[in-house]
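The values are calculated or read from the model by the stated rules, or taken from the named source; none is laboratory data. In this text the structure is predicted, and so the values were computed from the model without any measurement. Note that we place each Cβ from the backbone using ideal geometry, even for glycine, and neighbour counts take in every protein chain shown. Note: areas computed on protein heavy atoms with side chains; ligands, DNA, RNA excluded. Shrake-Rupley method; radii C 1.70, N 1.55, O 1.52, S 1.80 Å.
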Amino acid sequence: MQNRTYRLAMIGFGSVGQGFVQILQRRADWINERYGVALSLVGVATRRAGGVSNPDGLDLAALLRAAEQHDMSQLDGTKTTDPQAFINQVEADVLVEVSSTDLDSGEPATSYIRTAFGRGMHVVTANKGPLALHGPTLLQEARAAGVQLGYEGTVMSGTPALRLGWSDLAGCELREARGILNGTTNYILTQMESGLSYAGALQEAQRLGYAETDPTGDVGGHDAAGKAVILANMLFDARLRPADVQRTGITGITSDDVAEARAAGERWKLIAHVQRDGDAVTASVQPMRLPVSHPLAGVGGATNAITFTTDLLGDVTLIGPGAGGVATGFALLSDILALP
């Protein structure tokens, strides 16, 4: 087994970044033994809490404590207040880009990624914005720079929906993809089946941390639309943008609608749909009534799922967690382990 060493630099240190570091803290030695890959986190930078780099590697336990206190100044190393300058200065092999998502501009994450390419760094990211707006272009830029771009975590967190499409289903023609790609809305609809009103289910989702104080990105279908675009562009060779997705959220679903579907042996789900028709690829996000016999109808709570329709295998369904710091951190790790 060929031994490899990767020095990692991270932009952003929210739940996903912290989940990734927790994995490193627990499994770095095992990863080295099992895969021959040594991983050293040499820097972290955020726009709010500042950042730090240390060529000898950061103390992961101290880093997690600093995150709880929103203060990087206590850590040993060179301090920074500018993530862009950090990328230009840090000596690293891989940029782990997990800053906040912006589906309107893709910034500043897209600029971070391009700066890393310019310095010869591979990039792994869970950030939907750059991929939804510039995915194919960024792949071309990565190839031109002789580096790789990993983005498994952008659609279903650690559940390998993209890898299933481009790797395990290689040789099949992908004709359609239908997915439950937003755990917040799936949780709300599941709770409504249990008797809660939309308002009551949303409040419970917010209490549990599934929904933000302003839930528009989830319940309005924007999050799922961004993921549908990534599926369309990266697996179906389309060139769509989020504005091209026909989008309807779940805010209009009432308790009466849920009861009517139940009486007909159906369930409401917010479905992201990507379809190829000849050379044209279209994408939509909308609430749909599915027969309870459909594989996606039985997916409850905050779980995600996707069904690919192929020419050789028919329908193939993948179910798994679609959110969470450690789950998405795993996607980053899987992308790193796939590097040359």
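Here are some notes:
- Taking the protein heavy atoms of the stretch 36-147 in the context of the full set of protein chains, the accessible area attributed to carbon and sulfur is 42 percent at 1.4 Å.
- Legend: Rg and Dmax of the stretch 31-125, from Cα coordinates, 13.7, 42 Å.
- Cross-link partners for LYS128 among the lysines, with Cα-Cα distance under 18 Å and sequence neighbours closer than 8 places in the same chain left out: LYS227.
- For the chain, the membrane-span-like helix rule (DSSP H, alpha carbon extent of at least 20 Å along the helix axis, mean Kyte-Doolittle at least -1.0) picks out 15-35, 128-145; this says nothing about an actual membrane.
- Close amide-amide hydrogen proximity is noted between ARG4 and VAL37, ALA38, each under 5 Å apart and 5 or more residues distant or on a separate chain (H modeled in the peptide plane; Pro and chain starts excluded).
- Quotient of Cα Rg and 2.2 N^0.38 Å for the stretch 272-340, N being how many residues it contains: 1.39
- For q = 0.15, 0.19, 0.21 Å⁻¹, Debye-computed log10 I/I(0) when each Cα of the stretch 90-220 counts as one equal scatterer: -0.84, -1.09, -1.20
- GluC sites (Glu not before Pro) restricted to DSSP loop in the stretch 145-251 with at most 13 other C-beta within 10 Å: GLU173, GLU212
- Each distinct pair of alpha carbons in the stretch 210-338 adds a 1/r term; the inverse of their mean, the Kirkwood radius, is 16.3 Å.
- Distance from the stretch 28-100 to the stretch 259-295 (C-alpha centre basis), Å: 42
- Ranked by the mean number of other Cβ atoms within 10 Å of their residues, highest first, the peptides 104-112, 195-203 fall in the order 104-112, 195-203.
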